[in-house]
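See structure below.
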Amino acid sequence: METICILKNTVQEYAWGSYTAIAELLGKSSPSDVPQAELWMGAHPKAPSMVKYKGDMASLQELIKKHPDDILRKTVAEKFNNSLPYLFKVLAAARPLSIQAHPNLIQAKEGFKRENELGIPLNAFNRNYKDANHKPECICALTPFWALNGFRKISGILSFMEEICPNGLGKELDELGNHSDSKGLKQFFKALMTMDIQKKNKTINEAINNAQKLSEDDHVYKWIVNLSKEYPEDIGIFSPVLLNLICLEPGQAMFLFAGELHAYLDGLGIELMANSDNVLRGGLTPKHIDVPELLKVVNFKERDIKILEYEKNNGSEGFYASEADEFILSVISVDSNESYKSSTNRSAEILLCTDGQATINDSDKNVDIPLKKGTSLIIPASVGIYGIKGKAVIYKASVNNLHS
């Protein structure tokens, strides 16, 4: 496979999705009939992209199996077992996603093997591990994007909690104050997750009543109130207090490490991750929550979040620093004064045009392919240098650390 190909991708229809954002990006009728949450671009077995190749439609997953060296590049194919190592998405959150964490690579392999040996079907309600891969990820905002990521400083947790739950969680807060380290935080979180129903409901009611009085003063309290409307009896309403609350401005991004408890609350973004669908949930969901497994996976260290701004690579391309070998996210911006010329040192790249119109040229074959808003392409490693001209904004997913 040595040609640039247009992708046909699956839209995942989850309840938290938007009726307008993905439809408008793809130039489809808006609003859609059902909420559209994620557009998947890649070769994940759950929903591989389809490619028109030699007159037929074939899944990208199958094409990579047949032509791993051509599509991925030999060294990348060897390193990642003949599979595309990343999954590229558009994520449209009109309602909050579940609080969740993803396992590291060792945990994913062990968990996947264990659940297979137990005979738990992949689509079972209580299945935690859908594959044997980890899932570091990067989210880049296309609109203002509200999210939670990693535990905030324990001093901040205590301060917020004492405002909204001085009675219901008095004992637990004293314990956390006396043991203000990762072990103490883990015990506090476990206490929240395992409260009996009567105490949980009483504590949630106290928190909501107090948060409503303070919601005009701080986004943390406002989000507690918002979440309580969506999930009135869910312990996850405390997540804006426990976790760092962030609003990414368009063009800003952040990296999410394995084990970091997080949730996306509202907004449209570009998401790039290792090719995995492993999720351990911790609230704001009717889906399965496995507290013991979650406690094994979550990192209970307090942390500050680094907001990523894109760094100029050359005149028309900028990238977001990535901690993962599997992927790196770039943005290509072309106009009448600036065109784009690719590197020859590449693996498979997926491009998505989010604004404008342009033309991509395969230099070896002298073939021009039109790009418009919503068009996505796969560019195999075997394609030589390609160029882009026009006026457009294009997000590019590619493999990081090609020399490692």
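Can you find, within region 1-11, the residue that is farthest from Asp368 (Cα to Cα) among those that are at pLDDT 90 or above and surrounded by fewer than 17 Cβ atoms within 10 Å (Cβ to Cβ)? Write out each step before concluding.
From region 1-11, those at pLDDT 90 or above are 4-11; that's our starting set.
From what is left, the residues that are surrounded by fewer than 17 Cβ atoms within 10 Å (Cβ to Cβ) are 6, 8, 10.
Details: Ile6: 12, Lys8: 19, Thr10: 25 Å.
Filtering first and then ranking leaves Thr10.
Of Asp335, Asp304, which residue is among the acidic types (Asp, Glu), surrounded by 13 or more Cβ atoms within 10 Å (Cβ to Cβ) and over 16 Å from Met273 (Cα atoms)? If you could, list the steps in order and put the result at the bottom.
On the way: Asp304 fails: surrounded by 13 or more Cβ atoms within 10 Å (Cβ to Cβ).
None of the others qualify; the one that does is Asp335.
Can you confirm whether Ala108 is part of a helix (DSSP H, G or I) and either crowded, with 23+ Cβ neighbours inside 10 Å or within 14 Å of the chain's Cα centre (by Cα) (or both)? It would help to see each step written out before you state the result.
Details: part of a helix (DSSP H, G or I): yes; either crowded, with 23+ Cβ neighbours inside 10 Å or within 14 Å of the chain's Cα centre (by Cα) (or both): yes.
Answer is yes for this residue.
Pro31 is checked against (1) crowded, with 16+ Cβ neighbours inside 10 Å; (2) closer than 25 Å to Phe145 by Cβ; (3) not aliphatic (A, V, I, L, M) and fails just one. What number does that condition carry?
With respect to (1) crowded, with 16+ Cβ neighbours inside 10 Å; (2) closer than 25 Å to Phe145 by Cβ; (3) not aliphatic (A, V, I, L, M), Pro31 is out only on (1).
Can you name every residue in region 145-185 that is out of contact with any Leu (no Cβ under 8 Å at 6 or more places or on another chain) and either at positive phi or of a type in the set (Gly, Ala, Ser) (or both)?
Once the filter is applied, which keeps residues that are out of contact with any Leu (no Cβ under 8 Å at 6 or more places or on another chain) and either at positive phi or of a type in the set (Gly, Ala, Ser) (or both), region 145-185 yields Ser155, Gly156, Ser159, Gly168, Gly170, Ser182.
Give the residues of region 124-153 that are of a type outside the set (Phe, Trp, Tyr) and surrounded by fewer than 21 Cβ atoms within 10 Å (Cβ to Cβ), sorted by residue number. Walk me through how you get there before you give the answer.
From region 124-153, those of a type outside the set (Phe, Trp, Tyr) are 124, 126-128, 130-144, 147-150, 152-153; that's our starting set.
Within region 124-153, Ala124, Asn126, Arg127, Lys130, Asp131, Ala132, Thr143, Pro144, Lys153 qualify.
Where residues in region 37-62 are touching a Pro at 6+ places or on another chain (Cβ under 9 Å) and not in a strand (DSSP E or B), which of them is surrounded by the fewest Cβ atoms within 10 Å (Cβ to Cβ)? Step through it out loud before you land on a result.
If we filter region 37-62 for residues that are touching a Pro at 6+ places or on another chain (Cβ under 9 Å), which is where we start, we get 40, 42, 59-62.
Cutting the leftovers down to not in a strand (DSSP E or B) gives us 60-62.
Working: Leu60: 26, Gln61: 19, Glu62: 14.
Ranking the candidates gives Glu62 first.
If you check every pair at least six apart or on different chains, which have Cβ atoms under 6 Å apart with a residue in region 55-78 that is more than 17 Å from Leu7 (Cα to Cα) and without any contact (Cβ under 8 Å) to a residue 24 or more places away in the chain first and a residue that is of a type in the set (S, T, N, Q) and surrounded by 16 or more Cβ atoms within 10 Å (Cβ to Cβ) second?
Every condition considered, the pairs that remain are Pro68/Asn82.
Residues checked against (1) free of Cβ contacts under 8 Å to residues at least 12 places away in the same chain; (2) of a type in the set (Lys, Arg); (3) not assigned by TED's automatic domain parsing to the domain that holds Gly282:
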site	(1), (2), (3)
Ser159	yes, no, yes
Gly177	no, no, yes
Ser180	no, no, yes
Asn205	yes, no, yes
Lys213	yes, yes, yes
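Output the number of the condition that Glu216 fails; it satisfies all remaining conditions of (1) within 26 Å of the chain's Cα centre (by Cα); (2) charged (D, E, K, R); (3) not in a helix (DSSP H, G or I).
Failing condition for Glu216: (1).
When you scan region 84-103, do you find a residue that is among the β-branched types (Val, Ile, Thr), within 19 Å of the chain's Cα centre (by Cα) and over 23 Å from Ile394 (Cα atoms), even just one?
Pass one, region 84-103, residues among the β-branched types (Val, Ile, Thr): 90, 99.
Pick out the ones that are also within 19 Å of the chain's Cα centre (by Cα) and you get 90, 99.
From what's left, over 23 Å from Ile394 (Cα atoms): 99.
Yes, region 84-103 has at least one match.
Kindly provide the set of residues from region 295-319 that are in contact with a Ser or Thr (Cβ under 8 Å, 6 or more places away or on another chain) and basic (Lys, Arg), ordered by number.
Lys301
The values are calculated or read from the model by the stated rules, or taken from the named source; none is laboratory data. All values reported here derive from a predicted model rather than from experimental measurement. Note that we place each Cβ from the backbone using ideal geometry, even for glycine, and neighbour counts take in every protein chain shown.
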